[in-house]
Amino acid sequence: MCDFGKPHPHGAKDFGFLVDVPEVRALVDETRRLTGKIADTAARVDALRPAFGKLLAADGWLPKEYGEPDLKSGMGSGIGQYALYRAEDGSLCLFSLVIPAGAETPVHDHLAWGLIGVYRGIQDETVYRRLDDGADESKARLEVARQQTVKRGEFYTLLPPLDDIHYVKTVSDTVSVSIHLLANDTACVTRHRFDAQSGIVTPFRSGYSNAKCAERRV
Ligand SMILES: [Fe+2]
C-alpha cells in the first residue's frame, strides 16, 4: 500500500489518507477494528457512535479548503465533496460535504451503511420512504418519512435500504459542513437522484472535488 506511514500533503493523491491527521486515522482505525469484530451492520454502526462523535467534536483538523464550496461541483449548487480518506478497494470512505447557505442537495441515495454528522452550520434533512418495490429502475414512489434539523456535533446513521433516500439543505446563514463515513466509495459509485414529484430516477455519480474516481468503479 502506498498510503500508510508516509507524509503526504492533502490533495496530492486519490486514495488513502488524503487528510493525514491523528483525528482521521483514529476514526478509520476504529472503523476497521469494529468491522472485523462486529458482523451485524446495525450493531457495528451503533458501536461507531463514540468515535464518530469524537471527530465531529474535535476542532482544527479539517483543512480550510475542504470546508469551502466548489463551484464546479458534480452535486451542483456549489456543493463541495472532499475525500478525506478512501480505501483503495472501495470498502470505506470519509468525506466532507460543504453546502452553501440556502443551497440543497438533490434527493439521492447512498447505497452503503454509514454515519453522517454536522461539523459546521446547520442542516435540515428530509428523509423519504420508498413505496414501490424498486423493480422499475427508472421510477420510484416516494413519500416524506421525516424531517430533522441537524446541528454541530449531531449525527445520524444510514442502514440501507432503511432511510437511504434523502436530501439536505443548509439552513444556517453560513455554509454547512457535514462529515460522512460510508462503507463504499460514495462519490465514485453510481447512485441515484430522485425527482420526488415525478418519481423519475436518474443514475448519477457525484465525484469528489479533490480526487479522481477509478475507472473500474464506473
Ligand atoms: Fe446524502
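Please verify whether the stretch 60-73 includes one or more residues that are under 19 Å from V189 (Cβ atoms) and within 15 Å of the chain's Cα centre (by Cα).
Within the stretch 60-73, one or more residues are under 19 Å from V189 (Cβ atoms) and within 15 Å of the chain's Cα centre (by Cα).
Would you confirm, using the coordinates I've provided, whether R216 is out of contact with any strand residue (DSSP E or B) (no Cβ under 9 Å at 6 or more places or on another chain), surrounded by fewer than 14 Cβ atoms within 10 Å (Cβ to Cβ) and either over 23 Å from K72 (Cβ atoms) or at pLDDT below 95 (or both)? Even if it seems obvious, please write down each step before you answer.
Details: out of contact with any strand residue (DSSP E or B) (no Cβ under 9 Å at 6 or more places or on another chain): yes; surrounded by fewer than 14 Cβ atoms within 10 Å (Cβ to Cβ): yes; either over 23 Å from K72 (Cβ atoms) or at pLDDT below 95 (or both): yes.
Considered against the rule, which asks whether it is out of contact with any strand residue (DSSP E or B) (no Cβ under 9 Å at 6 or more places or on another chain), surrounded by fewer than 14 Cβ atoms within 10 Å (Cβ to Cβ) and either over 23 Å from K72 (Cβ atoms) or at pLDDT below 95 (or both), R216 comes out as yes.
Among the listed residues D133, D163, D124, identify the single one that is open to solvent by less than 50 Å² (accessible area, probe 1.4 Å), out of contact with any His (no Cβ under 7 Å at 6 or more places or on another chain) and more than 19 Å from A57 (Cα to Cα). It would help to see each step written out before you state the result.
Details: D133 fails: open to solvent by less than 50 Å² (accessible area, probe 1.4 Å); D124 fails: open to solvent by less than 50 Å² (accessible area, probe 1.4 Å).
Exactly one of D133, D163, D124 is open to solvent by less than 50 Å² (accessible area, probe 1.4 Å), out of contact with any His (no Cβ under 7 Å at 6 or more places or on another chain) and more than 19 Å from A57 (Cα to Cα), namely D163.
Checking the conditions here, which among Y85, Y119 is within 19 Å of D14 (Cβ to Cβ), more than 14 Å from the ligand (Cβ to nearest atom) and not in a loop (DSSP other than H, G, I, E, B)? Give the steps one after another, and end with the answer.
On the way: Y119 fails: within 19 Å of D14 (Cβ to Cβ).
Selected residue: Y85, the only one of Y85, Y119 that is within 19 Å of D14 (Cβ to Cβ), more than 14 Å from the ligand (Cβ to nearest atom) and not in a loop (DSSP other than H, G, I, E, B).
Could you grab me the full set of residues in the stretch 88-114 that are out of contact with any Lys or Arg (no Cβ under 9 Å at 6 or more places or on another chain), under 16 Å from K13 (Cα atoms) and either within 13 Å of the ligand (Cβ to nearest atom) or among the hydroxyl-bearing types (S, T, Y) (or both)? So that I can check it myself, show each step before the final result.
Step one: of the stretch 88-114, the residues out of contact with any Lys or Arg (no Cβ under 9 Å at 6 or more places or on another chain) are 88-89, 91, 96-97, 100-101, 112, 114.
Still in the running and under 16 Å from K13 (Cα atoms): 88-89.
The answer is none; no residue qualifies.
Looking only at the stretch 159-173, filter to residues that are more than 11 Å from the ligand (Cβ to nearest atom) and in contact (Cβ under 8 Å) with a residue 40 or more places away in the chain; which one of those is farthest from V107 (Cα to Cα)?
Of the residues in the stretch 159-173, the ones more than 11 Å from the ligand (Cβ to nearest atom) are 159-162, 169-173.
Narrowing further to those that are in contact (Cβ under 8 Å) with a residue 40 or more places away in the chain: 159-160, 169-173.
Numbers: L159: 17, P160: 15, K169: 10, T170: 14, V171: 16, S172: 20, D173: 22 Å.
Checking each candidate, the answer is D173.
Looking only at the stretch 65-73, decide whether some residue is at pLDDT below 95, assigned to a loop (DSSP other than H, G, I, E, B), closer than 24 Å to G199 by Cα and not polar (S, T, N, Q).
no
Does the stretch 154-166 hold any residues that are out of contact with any Phe, Trp or Tyr (no Cβ under 8 Å at 6 or more places or on another chain) and modelled with pLDDT of 95 or more, and which are they?
Within the stretch 154-166, E154, Y156 qualify.
Can you list the strands (runs of 3 or more DSSP E) lying wholly within the stretch 130-218 that have 3 or more residues being over 15 Å from A112 (Cβ atoms)?
Numbers: elements: 142-150, 155-158, 165-170, 176-182, 191-194, 201-204.
Ranges flagged: 142-150, 165-170, 176-182, 201-204.
May I ask you to list pairs of residues, at least six apart or on different chains, whose Cβ atoms are under 6 Å apart, with the first in the stretch 30-43 being at pLDDT 95 or above and the second being not hydrophobic (A, V, I, L, M, F, W, C)?
Cβ pairs passing all conditions: L34/R44; I38/R44.
Can you name the residue in the stretch 149-160 that is open to solvent by less than 60 Å² (accessible area, probe 1.4 Å) and not hydroxyl-bearing (S, T, Y) and is also nearest to the chain's Cα centre (by Cα) among such residues? Before the answer, list the steps.
Looking only at the stretch 149-160, we keep the residues that are open to solvent by less than 60 Å² (accessible area, probe 1.4 Å), and these are 150, 153, 155-160.
Then keep just the ones that are not hydroxyl-bearing (S, T, Y); that gives 150, 153, 155, 158-160.
Values: V150: 15, G153: 15, F155: 12, L158: 10, L159: 13, P160: 14 Å.
Here the answer is L158.
The values are calculated or read from the model by the stated rules, or taken from the named source; none is laboratory data. Source: prediction; values computed, not measured. Methodologically, a virtual Cβ is constructed for each residue, glycine included, from the backbone with ideal geometry; neighbour enumeration extends over all protein chains shown. Only protein heavy atoms, including side chains, enter the accessible area calculation; ligands, DNA and RNA are left aside. Shrake-Rupley method; radii C 1.70, N 1.55, O 1.52, S 1.80 Å.
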